[in-house]
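Worksheet: one structure, shown below.
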Amino acid sequence: QVQFVESGGGLVQPGGSLRLSCATSGFTFSMNAMRWYRQAPGKERELVASISSNSINTNYADSVKGRFTVSRDNAKNTVYLQMNTLKPEDTAVYYCKTPRFGSWGQGTQVTVSS
């Protein structure tokens, strides 16, 4: 059974940082690209960052470019999202998922507020 378990969210002040983690199971993690998505209240889910299976290729939404960094540890079946210089508009539930299969996990809430 394919599973994605996100963690690391919380309440942070503008300009702060958080590191999200996503533990996966049920598939060959090292052979699959991974993506981070987010969904803010009243908005559609959007793609934030993606990383190839071997970490060579990464891509980011324009809104987070230069502030967020996606990485992965294939030995631990885990993907990470380092978020720096956070803004109130980054407030959302963050999800990870492989693009080709699997169901959404529960996500982790990130709230940026003073």
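Among Ala40, Val64, Val79, which residue has its Cα positioned farthest towards the positive end of the charge dipole of the chain, with +1 placed on the Cβ of Lys and Arg, -1 on the Cβ of Asp and Glu, and the dipole taken about the Cα centre? The one lying farthest along the dipole's positive direction is Val79. If R0 is taken as 25 Å, the Cβ-Cβ distance between Asp73 and Gln3 corresponds to a FRET efficiency of 0.90. Applying 0.36 nm per residue to the separation of Thr111 and Ser63 and subtracting their alpha-carbon distance, the gain on full extension is 15.6 nm.
Surface composition of the chain: carbon and sulfur make up 46 percent of the accessible area, probe 1.4 Å. Take the chain with all the other protein chains still there, run a 1.4 Å probe, and you get 53 Å² of accessible area per residue. Bridging of Lys65 to aspartates and glutamates at a Cα separation below 13 Å is possible for Asp90, once same-chain residues fewer than 8 apart are set aside.
The base-10 log of I(q)/I(0) for the chain, evaluated at q = 0.15, 0.21 Å⁻¹, reads -0.58, -1.13 [Debye formula, identical scatterers on Cα atoms, solvent excluded].
The values are calculated or read from the model by the stated rules, or taken from the named source; none is laboratory data. All values derive from a computational prediction rather than experimental measurement. Cβ sites come from the backbone with ideal geometry, for glycine too, and all protein chains shown count toward neighbours. For accessibility, only protein heavy atoms count, side chains too; no ligands or nucleic acids. Shrake-Rupley method; radii C 1.70, N 1.55, O 1.52, S 1.80 Å.
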